[in-house]
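Heads up: the structure comes next, in structure tokens.
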Amino acid sequence: MASAFYQLSATSLQGKEIPMEEYKGKVVLVVNTASKCGFTPQYEGLEELYRKHKEDGLVILGFPCNQFGNQEPGGKKEIEEGCLINYGVSFPMFDKVDVNGDNTHPLFRYLKAELGGILGNRIKWNFTKFLIDANGKPVKRFAPITKPEKIAPYVEDLLAATPK
């Protein structure tokens with residue numbers, strides 16, 4: 001049975017609708033991001049993780065969100081420039097989304113339902129991370145304080161289990 005993850009899509013920062021099915025067979029790390037957050041330096045670690053493992057089948061998907069302390073107030077251009085100039089981000093970035101409330105993006109609604117957090121399904125802050133295996137199954141949720149280097153062993157285990 002096809003994973004529900006692959007039925008979803010999201011709009012890239014460049015305005016293109018991207019089906020999650022495009023990432024079939026890859027290990028995916030979905031992150032809600034913000035450029036003016038205390039955790040923003042995690043972009044650096046995420047980029048390092050991505051560069052180290054993208055050839056092995058890892059993709060990181062960044063979703064800017066302005067729901068926490070107004071920490072992503074900019075538009076597409078500011079987000080793109082901030083990610084690129086300040087952190088050299090080369091992994092896919094998407095349009096700004098809501099991750100909580102009535103306008104929650106369907107991708108985050110799905111991920112929260114599959115992997116509830118300590119506060120139930122709510123995402124409590126920027127840089128909450130969801131790890132999805134190569135079959136599209138969400139397997140682990142990480143708190144905002146969890147640095148990308150702490151996630152690396154989980155990513156590496158999933159990559160090792162993925163048929164090449």
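The values are calculated or read from the model by the stated rules, or taken from the named source; none is laboratory data. Predicted model, so just to flag it, every value in this text is computed and none were measured. All Cβ positions, glycine included, derive from the backbone under ideal geometry; neighbour counts span all protein chains shown.
Numerical summary
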read-out: Unmet criterion (only one of (1) more than 21 Å from Leu158 (Cα to Cα); (2) over 15 Å from the mean Cα position of the chain (by Cα); (3) in a helix (DSSP H, G or I)) for Glu55; value: (1)
read-out: Matching residues in the stretch 147-164 - criterion: being at pLDDT 95 or above and β-branched (Val, Ile, Thr); value: Ile151, Val155
read-out: Residue satisfying condition, being more than 20 Å from Val155 (Cα to Cα) and charged (D, E, K, R), within set Lys96, Lys26, Lys112; value: Lys96
read-out: Selection count, the stretch 1-44, where residues are part of a loop (DSSP other than H, G, I, E, B), within 16 Å of Phe142 (Cβ to Cβ) and in contact with a strand residue (DSSP E or B) (Cβ under 6 Å, 6 or more places away or on another chain); value: 0
read-out: Test: residue in the stretch 79-87 that is surrounded by 20 or more Cβ atoms within 10 Å (Cβ to Cβ), more than 20 Å from Lys24 (Cα to Cα) and among the small types (Gly, Ala, Ser); value: yes
